[in-house]
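Participant: Below you'll find the structure I mean.
The values are calculated or read from the model by the stated rules, or taken from the named source; none is laboratory data. As the structure is a prediction and not an experimental result, all values here were calculated from the model. Virtual Cβ from ideal backbone geometry, glycine too; neighbours counted across all protein chains shown. We work out accessible area using only protein heavy atoms, side chains counted, and drop any ligands, DNA or RNA first. Shrake-Rupley method; radii C 1.70, N 1.55, O 1.52, S 1.80 Å.
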Amino acid sequence: MIERYTNEAFKKIWSDQNRFSKYLAVEIAVLEALAIKGVVPQDDLAKIKKHAAFDLTRIRAIEQETKHDVIAFTRAVSETLGDERKWIHYGLTSTDVVDTAYALMYKEANDQIAADLDRFKEVLKKNALRYKDYPCIGRTHGIHAEITSFGLKWALYYDEFIRNSERFNHARKMIEVGKISGAVGTFANVEPDIQDKACELLGIGSTNISTQVLQRDRHIEYFSTLALMATSLEKIALEIRHLQRTEVSEVNEYFDKNQKGSSAMPHKKNPIGSENICGLSRILRGYAVSSFDDNALWHERDISHSSVERIIAPDATTLMDYMLCRMTRIAENLIVHNDRMVENIYATYGVIFSGRFVNRFVEKGLSREAAYDLIQPMAIKSYNERIMFKELLLANDYLTSLLSAAEIEDCFDLQYHLRHVDDIYHRVGIL
């Protein structure tokens with residue numbers, strides 16, 4: 001991942017130093033499990049735990065000869081030990097170490113992402129409460145529809161991220177597992193309970209069955225979940241981008257006094273943060289597609305998935321962290337123009353209240369078809385000729401014979417459309 005999108009925690013998580021540290025942790029956990037069963041002498045285990053180490057430069061030098069990073073690692077570690085070195089990688093195949101070590105790195109990344117999610121949900125909840133009573137125009141197909149609350153948008157996002165959190169917690173459980181089952185998954189050289197004990201010591205799950213590798217349906221679920229979370233962030237970002245358009249101007253991203261929007265146009269304030277989120281979401285969807293292609297491997301294993309995951313594992317988790325943190329800042333510092341929201345409600349001369357009149361005329365005894373056909377021409381005339389819809393209604397003798405002036409006025413009440421907002425908030429769990 002490029003520097004621009006990587007925080008310090010994720011640099012450390014996906015560093016070679018941390019990766020090989022996890023390899024060593026797996027090797028030692030297996031030896032601890034073997035020592036419990038009396039296979040590895042306790043004295044040898046103690047020496048390994050005390051002295052086993054590695055040097056990245058030495059690993060890379062050995063790998064130049066062996067063309068195999070795990071062998072380079074085990075030989076570099078063995079060089080730091082005495083006779084007890086014979087137990088390093090005892091009964092293991094490379095992927096026992098690699099897949100299990102990656103589970104540990106995923107776990108570290110997931111802890112960060114889970115914390116990011118919790119912070120973001122709090123901001124969504126805070127915005128839902130802050131803007132609960134801000135009426136604004138709802139839009140369907142991009143066209144003014146009926147009144148909604150700006151807070152309801154955030155309540156909707158909050159509810160979606162509750163589901164995202166549930167999906168993420170399940171996906172991380174699926175991927176934070178190890179396997180120590182050998183070259184084709186038969187436990188030929190170590191007993192099944194060694195895998196279980198080693199994984200317990202490492203604080204991860206133990207898979208029921210594997211081949212030489214963990215099955216990649218786990219990874220598909222995980223990367224698909226990250227991609228889904230990214231699309232949820234994109235949904236919010238896209239809404240902000242629309243609402244910041246000059247013609248709408250209901251919100252805008254925070255703009256620092258020394259910030260510049262354009263090298264050519266000093267007046268520009270662009271929603272660059274939200275645009276960035278939309279762009280990065282495309283990357284995560286692409287990574288999800290790549291993970292699907294990793295599921296079908298030849299027989300008990302081939303290496304075609306390895307190169308993919310070396311890229312998408314650090315990139316996808318790092319991007320998810322970056323996107324959540326950036327969108328949290330955008331949402332927390334969003335500038336909201338309530339007066340413009342109200343102004344936009346009436347930008348279409350009141351025709352957005354037409355649906356209320358259809359219902360009122362049905363209540364007065366008209367068929368729905370008759371009520372609709374009565375209101376539609378007047379609404380279209382109001383919009384096309386820029387005449388206030390209320391004026392046309394009050395000037396129509398037939399309409400005023402069905403509804404009094406007070407009843408007509410009541411149909412333009414904003415609060416009618418917001419009367420169940422509290423009910424919705426209770427359903428979401430915000431109130």
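Participant: Which of (1) polar (S, T, N, Q); (2) under 26 Å from Ser290 (Cβ atoms); (3) open to solvent by less than 40 Å² (accessible area, probe 1.4 Å) does Gln195 not meet, given it meets every other one?
Facilitator: (2)
Participant: So, one more: If I ask for residues that are touching a residue at least 60 places away in the same chain (Cβ under 8 Å), in contact with a Lys or Arg (Cβ under 8 Å, 6 or more places away or on another chain) and part of a helix (DSSP H, G or I), which ones from the range 250-303 would you list?
Facilitator: Once the filter is applied, which keeps residues that are touching a residue at least 60 places away in the same chain (Cβ under 8 Å), in contact with a Lys or Arg (Cβ under 8 Å, 6 or more places away or on another chain) and part of a helix (DSSP H, G or I), the range 250-303 yields only Ser291.
Participant: Can you pull out every residue in the range 205-223 that is aliphatic (A, V, I, L, M) and either surrounded by fewer than 22 Cβ atoms within 10 Å (Cβ to Cβ) or at positive phi (or both)?
Facilitator: Answer for the range 205-223, where residues must be aliphatic (A, V, I, L, M) and either surrounded by fewer than 22 Cβ atoms within 10 Å (Cβ to Cβ) or at positive phi (or both): Ile209, Ile220.
Participant: Sort out which residues of the range 319-370 are closer than 23 Å to Glu407 by Cα, open to solvent by 30 Å² or more (accessible area, probe 1.4 Å) and either in contact (Cβ under 8 Å) with a residue 60 or more places away in the chain or under 29 Å from the mean Cα position of the chain (by Cα) (or both), and write them in order of number.
Facilitator: Those that are closer than 23 Å to Glu407 by Cα, open to solvent by 30 Å² or more (accessible area, probe 1.4 Å) and either in contact (Cβ under 8 Å) with a residue 60 or more places away in the chain or under 29 Å from the mean Cα position of the chain (by Cα) (or both): Val342, Ala347.
Participant: While we're on this one: Report, by residue number, each residue of the range 133-189 that is touching a Phe, Trp or Tyr at 6+ places or on another chain (Cβ under 7 Å), open to solvent by 40 Å² or more (accessible area, probe 1.4 Å), closer than 30 Å to Leu226 by Cβ and outside any helix (DSSP H, G or I).
Facilitator: Scanning the range 133-189 gives no hits.
Participant: Here's another thing I want to ask about it. Does Arg245 satisfy being within 16 Å of the chain's Cα centre (by Cα) and of a type outside the set (A, V, I, L, M, F, W, C)? Lay out the reasoning, then the answer.
Facilitator: Details: within 16 Å of the chain's Cα centre (by Cα): no; of a type outside the set (A, V, I, L, M, F, W, C): yes.
Considered against the rule, which asks whether it is within 16 Å of the chain's Cα centre (by Cα) and of a type outside the set (A, V, I, L, M, F, W, C), Arg245 comes out as no.
Participant: Using the structure shown, decide if Arg58 is surrounded by 13 or more Cβ atoms within 10 Å (Cβ to Cβ) and of a type outside the set (A, V, I, L, M). It would help to see each step written out before you state the result.
Facilitator: Values: surrounded by 13 or more Cβ atoms within 10 Å (Cβ to Cβ): yes; of a type outside the set (A, V, I, L, M): yes.
Spelling it out, Arg58 is indeed surrounded by 13 or more Cβ atoms within 10 Å (Cβ to Cβ) and of a type outside the set (A, V, I, L, M).
Participant: Quick one: which residue in Leu233, Leu243, Leu226 is assigned to a helix (DSSP H, G or I), crowded, with 20+ Cβ neighbours inside 10 Å and out of contact with any helix residue (DSSP H, G or I) (no Cβ under 7 Å at 6 or more places or on another chain)? It would help to see each step written out before you state the result.
Facilitator: Values: Leu233 fails: out of contact with any helix residue (DSSP H, G or I) (no Cβ under 7 Å at 6 or more places or on another chain); Leu226 fails: out of contact with any helix residue (DSSP H, G or I) (no Cβ under 7 Å at 6 or more places or on another chain).
Checking each option against the conditions leaves just Leu243.
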